[in-house]
Amino acid sequence: MKVIGVCILTQDVIKLTEFYKAVLKTDSIGDATHMEMNTDGAAIAIYNPGNVPRAEICNIQLGLEVDDVDSEFERLSSLGMTVTQQPETYPWGRRAMQIRDPDGNYINLSCPAKESAK
């Protein structure tokens, strides 16, 4: 079985799509009800089925593999993204940071830690 994508439900498809286009550096196709962005290996859809209540608790975290967490931290910070965790190196060999999208969903960006940073 292969995961081919994820769909994020929202009340504001346009706003959330613009956010993810900036994060993923990609284009989208669709309309104010449903947008889709293709990434390397999977699609991310943003969809408003018509009655999406604002979640009180975030139950998912989207994980993105990046080439360089520190470069992404600089780029996303300069775009005014809400950074909830600064870049940090973990004992299990990953370097990661975290941001939140406009709906409050967490996005973890990570890459293998460099030997000198472990």
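The values are calculated or read from the model by the stated rules, or taken from the named source; none is laboratory data. The shown structure was predicted, so the numbers you read here are calculated from the model rather than taken from an experiment. Every residue, glycine among them, receives a Cβ derived from its backbone with ideal geometry; neighbour counts consider all protein chains shown.
Tell me, please, whether a residue that is of a type in the set (Gly, Ala, Ser) and either within 22 Å of GLN98 (Cα to Cα) or in the same structural domain as ALA96 (by TED's automatic domain parsing) (or both) can be found in segment 15-31.
Checked against the condition, which is being of a type in the set (Gly, Ala, Ser) and either within 22 Å of GLN98 (Cα to Cα) or in the same structural domain as ALA96 (by TED's automatic domain parsing) (or both), segment 15-31 yields at least one hit.
Is there a residue in segment 40-61 that is under 12 Å from the mean Cα position of the chain (by Cα), in the same structural domain as THR82 (by TED's automatic domain parsing), closer than 24 Å to ARG94 by Cα and assigned to a strand (DSSP E or B)?
yes
Report every pair of residues separated by at least 6 positions or lying on different chains whose Cβ atoms are under 8 Å apart, first residue within segment 63-92 and part of a loop (DSSP other than H, G, I, E, B), second aliphatic (A, V, I, L, M).
VAL66/LEU109; LEU79/ALA22; MET81/ALA22; MET81/VAL23; MET81/ILE99; TYR90/ALA96; TYR90/ALA113
For TYR20, are the conditions met, namely being under 23 Å from SER110 (Cα atoms) and touching a residue at least 12 places away in the same chain (Cβ under 8 Å)?
yes
I'm checking my understanding of the structure. Among residues of segment 1-39 that are part of a loop (DSSP other than H, G, I, E, B) and charged (D, E, K, R), which one is nearest to LEU79 (Cα to Cα)?
LYS25
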